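The values are calculated or read from the model by the stated rules, or taken from the named source; none is laboratory data. Being a predicted model, the structure only gives us computed values, none of them experimental. Positions of Cβ are backbone-derived with ideal geometry, glycine not excepted, and every protein chain shown enters the neighbour counts. SASA here: full protein model, heavy atoms, side chains in, ligands and nucleic acids out. Shrake-Rupley method; radii C 1.70, N 1.55, O 1.52, S 1.80 Å.
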Amino acid sequence: MPPGHIGSLKIKGSLGARIQGIVNNDPASTRRKTSFYFKVKKLIIADRAYFVRGEILVNAFGRHDFHYGDELILDGNLHQPFNFSANSSFSYPEYLKNQGIYYILEAAKESKVAFLGPDKGNFFISLALRIKQRLKGIFKKYLQPENSAVLSAITLGDRQGLPAQVREDFIRTGTAHIIAISGFNVGIVVFTVLFLLKAIRIKRKCRYSLAIPILFIHMCAVGAQASVARATLMAVVVLIGYLLERDTDIINSLSLSALIILSYNPRQIFDIGFQLSFVSVLGIVSLSPRIISRFKLKPKTGPVVRFTVNSLAVSLAAWLSTFWFILYYFRIVTPIAILANLIIVPLVSLVIILGFTLCLSALICPVIASPIAVTIDFSMLWLFKIAHQLSGLPFSCFYIGM
C-alpha cells in the first residue's frame, strides 16, 4: 500500500472521525441514506490531523444532495466493513477490498457536513455523469415508472429503483447479466452508435473515430465496473483495428483488456464480476464453434435455422463456461437460462435500441418521442411477463446447500 494510504491505518471497532475529501462516484440515494466513494485528503481524529490518500465508502443517513466532484468535510464513525451473513460464500469486506476500499464512514442524520466546493473531480467523468442524468430524466418523463427504472438499469447501470420482483425473475432465469451492465449491453451501444452515425451518412472511418470517445463516456457514466471496462476496451481495440485496416483476434483483444484492467488494479482478478465477464466471453469464443459443428449445418441451410442454431450455441456456451463459478459463488443452478436467453436477449436488445432512439428523438424531435415510448412500454410489459413465466416453470432453477 502506498505511504499515507488510509487502508494502512489500524483501527479496531468504530472510531469517531472527521474526514475531508471529494465525492468520487455518482452517489446512490435511497429514502434512508446516500452512499458514495469518498477520495480522502485529510483525516482528523481527536483534534489531530493526518494527510491521507485512498478511498472510503460513505453512508450518509438522511436526505442529501451530493454530486460527483463535491469537496466535503464529514463527521461520522469510521470502521472496517463486515459480513452481513456468516452463511454466505460472498465476502463483503473482500468485495470492497477489491475496489480499494478498506474503511466505511457512517454519518448520522445529525452529523455535520461542510461543503467546500463543487466540480473538484475529473472533467470527463463529470461530463459523462451529467449526460447520464439527462438520459435518466428522459426515461422518467416518457416511460412508466417501473419501465424507466429497468431501462435505466440495463442502459445506464443505475439499479437503485429496480423492482425486486423483476430482479428476482432475471436471477431465476439466468439472465441477470442483462440488468448488470456487461459486454451484451456495451455491444448494443456500439451497434446503435454505429447505426445512427451511418444513418446520417458519416463516413466509415469517421464513424469508428467518433464511436471510441462515445464508448468511454458511456463507460464513465455507468461506473466503469470490470465488465464494462472489459467490453469497452475490447470494442475500442476492434474499432482501432478497423481504423488501421487490420484483422482483430478476439482472444488477443480479451487478453489486452485483462492486462490493462489488472495493471490499474491487480485485485480485480479476485472480483466475481471480472471472473464471470472474462470466462463467459472466453467460453463463447472457444465452445460455441464446437457446438455449432455438432449440428452439421449444410451450405443450403436457411438463415432462420442458422440464426437459431448460432443463438443456441452462444447461450449454451455462456451457460456452460460460467456454470461452476455461479454455483460456487451464488449456490444456484439455472437450466432454464439456455432457453431464457434465446427469448429474452433479443427482446432486451430491441428495448435498448428503442431506449437510445427515445433519447435521441426527445433531444432532436420530441414529437416522435411519445410513440417510441409507447412501443417501449409495450415491449417491456411482454419482457416482464415472459421472464416471470419462465422463472415459474418447474426446475427452472434450484439452490444448492441453502
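Return a yes/no flag: does segment 259-267 have any residue that is under 30 Å from L347 (Cβ atoms) and surrounded by fewer than 19 Cβ atoms within 10 Å (Cβ to Cβ). Give the derivation first.
Taking segment 259-267 first, the residues under 30 Å from L347 (Cβ atoms) are none.
No, there is no match, as no residue in segment 259-267 is under 30 Å from L347 (Cβ atoms) and surrounded by fewer than 19 Cβ atoms within 10 Å (Cβ to Cβ).
Total residues in segment 97-125 satisfying the condition of being in contact with a Phe, Trp or Tyr (Cβ under 8 Å, 6 or more places away or on another chain) and either open to solvent by 70 Å² or more (accessible area, probe 1.4 Å) or of a type in the set (A, V, I, L, M, F, W, C) (or both): the figure is 7. Could you tell me which residue of segment 279-320 is surrounded by the fewest Cβ atoms within 10 Å (Cβ to Cβ), considering only residues that are among the aromatic types (F, W, Y) and in contact with a helix residue (DSSP H, G or I) (Cβ under 6 Å, 6 or more places away or on another chain)? The selected residue is F295. Taken together, the residues in segment 64-92 that are at pLDDT 85 or above and not aliphatic (A, V, I, L, M) amount to 14. Meeting the requirement of 1 or more residues that are open to solvent by 70 Å² or more (accessible area, probe 1.4 Å), closer than 29 Å to N24 by Cβ and touching a helix residue (DSSP H, G or I) at 6+ places or on another chain (Cβ under 9 Å), the helices (runs of 4 or more DSSP H) wholly within segment 126-219 are 164-172. Listed by first and then second residue, the pairs linking a residue in segment 136-148 that is at positive phi to a residue that is in a helix (DSSP H, G or I) and not polar (S, T, N, Q), with Cβ atoms under 7 Å apart and 6 or more places separating them unless they lie on different chains, form an empty list.
Of all residues in segment 2-16, those that are touching a residue at least 24 places away in the same chain (Cβ under 8 Å), in a loop (DSSP other than H, G, I, E, B) and not hydroxyl-bearing (S, T, Y) total 5.
Every residue in segment 17-55 that is in a strand (DSSP E or B), farther than 29 Å from A149 by Cα and open to solvent by less than 80 Å² (accessible area, probe 1.4 Å), please. I'd like the intermediate steps shown before the answer.
So in segment 17-55, the residues in a strand (DSSP E or B) come out as 17-23, 28-29, 33-45, 48-51, 53, 55.
In the following step, the residues that additionally are farther than 29 Å from A149 by Cα were identified as 17-21, 40-45, 48-51, 53.
A17, I19, Q20, G21, V40, K42, L43, I44, I45, A49 - these are the residues of segment 17-55 that are in a strand (DSSP E or B), farther than 29 Å from A149 by Cα and open to solvent by less than 80 Å² (accessible area, probe 1.4 Å).
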